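In what follows, a single structure is set out as structure tokens and then discussed.
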Amino acid sequence: MDFNNGFIPILEVPSGELFPESGIVADYALQVAGPNQGIKLIPDDVVLASKMRVKMVKFDSEILKHFFALYGSRFMSSEFIENFLSLAVPKMEELCAGAGEDTWLMGTEDLTQLDIHCGAMWDFLYIFMKSDAMRDCFDRLDL
């Protein structure tokens with residue numbers, strides 16, 4: 001609670017330092033804890049990897065901020081509903097434009113860190129939409 005107000009995840013490295021944010025935890029896992037192990041989530045092409053990181057930042061700043069504002073209002077703020085629908089939803093659709101029937105968000109055949117970064121939130125939204133407790137909130141969105 002003292003470090004990150006109860007938000008998760010938190011990464012504690014062997015030196016005892018603490019770091020917040022899922023992106024930092026993911027980068028640590030990819031670069032320090034398990035390089036060359038498992039699925040390669042960052043493209044070898046430096047330009048493509050940079051474009052991926054830009055999309056992750058845009059996802060957070062152009063989509064997530066509107067969702068969390070809406071969630072924080074308990075889906076009651078007509079301003080936040082309108083912002084989510086007019087600003088965030090088109091950005092989600094734009095982000096998905098790179099994906100195809102056999103490709104991921106970066107247009108690649110292989111999963112990237114972008115897919116995991118965005119996919120977790122989309123799973124969260126989907127679960128919310130399907131839960132009885134949140135159904136009326138999502139009915140207000142008319143998605």
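We did not get these values from a lab; they are worked out from the coordinates using the rules stated. All figures in this text were calculated on a predicted structure; none of them were measured in a lab. Cβ atoms come from the backbone with ideal geometry, glycine included; neighbour counts cover every protein chain shown.
At-a-glance table
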quantity	calculated
Every residue from the range 1-40 that is within 25 Å of Glu109 (Cβ to Cβ) and hydroxyl-bearing (Ser, Thr, Tyr)	Ser22
Residue identified as among the hydroxyl-bearing types (Ser, Thr, Tyr) and farther than 25 Å from Leu125 by Cβ among Ser50, Ser86	Ser50
Top-ranked residue in the range 88-114 [being in a helix (DSSP H, G or I) and in contact (Cβ under 8 Å) with a residue 40 or more places away in the chain; ranked as farthest from Ala49 (Cα to Cα)]	Val89
Contacts under 6 angstrom Cβ, first residue in the range 6-33 being under 18 Å from His117 (Cβ atoms), partner among the polar types (S, T, N, Q), 6 or more apart	Pro9/Ser22; Ile10/Asn4; Pro20/Asn4
